[in-house]
1. Is it the case, given these coordinates, that Leu20 is over 20 Å from Thr221 (Cα atoms), crowded, with 20+ Cβ neighbours inside 10 Å and touching a strand residue (DSSP E or B) at 6+ places or on another chain (Cβ under 7 Å)?
2. Does Leu4 fit the bill of being of a type outside the set (Gly, Ala, Ser), at pLDDT below 95 and crowded, with 18+ Cβ neighbours inside 10 Å?
3. Given the structure, is Pro147 of a type outside the set (Lys, Arg), touching an Asp or Glu at 6+ places or on another chain (Cβ under 7 Å) and surrounded by 22 or more Cβ atoms within 10 Å (Cβ to Cβ)?
4. Having 1 or more residues that are in contact with a Lys or Arg (Cβ under 7 Å, 6 or more places away or on another chain), at pLDDT below 95 and exposed (fewer than 15 other Cβ atoms within 10 Å of the Cβ) is the bar; report the strands (runs of 3 or more DSSP E) wholly within the stretch 168-229 that clear it.
5. Pairs under 6 Å by beta carbon, first residue at pLDDT 95 or above in the stretch 69-92, partner among the acidic types (Asp, Glu) and surrounded by fewer than 17 Cβ atoms within 10 Å (Cβ to Cβ), six or more apart or different chains?
6. Kindly indicate whether Leu140 is touching a Lys or Arg at 6+ places or on another chain (Cβ under 9 Å) and modelled with pLDDT of 95 or more.
7. Condition check: hydrophobic (A, V, I, L, M, F, W, C), at pLDDT below 95 and surrounded by 19 or more Cβ atoms within 10 Å (Cβ to Cβ). Does Phe155 satisfy that?
Amino acid sequence: MQQLDFRHEISDERLIAMILAAGRGERMRPLTDHTPKPLLEAGGKPLIVWHIERLQRAGFTDIVINHAHLGRMIEDCLGDGSRFGVNIRYSPEVEALETAGGIANALPLLGDGPFLVVNGDVYCDIDFAAVELGESQSALLVLVDNPPQHPGGDFVLNNGKVQGEGERKLTFSGVGIYRPHLFAGIPRGAKAKLAPLLREQMALGKVGGIHHRGRWEDVGTPERLRCLDEELRNL
């Protein structure tokens, strides 16, 4: 299958990414009672800033960030993105709309071409510039080895295609490229999960995948955050 570099599919030649930052972070309490999870620090900077800097180095010039819990703090911290060399726009939610709902709500900011999405509460060394979307694919998912807290994995990667069932499942990293039509049926402001949409496309053979074997960490608990912070400060 012919592969297309993501950057060549953006109609206005800008690379657009979305960082998901609307979650409440219940497992991180009490840290998230007064600080939104993406602003929790590791290695001397907020988790979300690690993403912004990596996206900027990969050539992404426009970033959309959704938020709900303590969202004003995220806007106050990051501003318009100019100090990071990017343009940041925000998609506020009264309450978190789940992954697909949050993306659908932000579609007017994401343009007509494929866009990259990354969870704001992970740390990784994924080369965003190297992720490619097949011309017949609706989505491309980055999968990783199963972490101890999620040993059963999520999806199967078979010859470059992602399937919902099978042996040797891998874990979805929270990083993917999507075409806008995937979310067109979700009303703005409605809650919607991503997995059912992906499974529909998997059944049609339209979800590609790659296996990232580098660093990826779901920073989902205070202990994992503490360990990551210690590691990064000792680099």
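The values are calculated or read from the model by the stated rules, or taken from the named source; none is laboratory data. Only a predicted model underlies this, so the values are computations on that prediction, with no experimental measurement involved. We place every Cβ from the backbone using ideal geometry, glycine too, and count neighbours over all the protein chains shown.
1. No, not satisfied.
2. no
3. The answer is no for Pro147.
4. The strands (runs of 3 or more DSSP E) meeting that bar number zero.
5. Ile88/Asp80; Tyr90/Glu75
6. No, not satisfied.
7. No, not satisfied.
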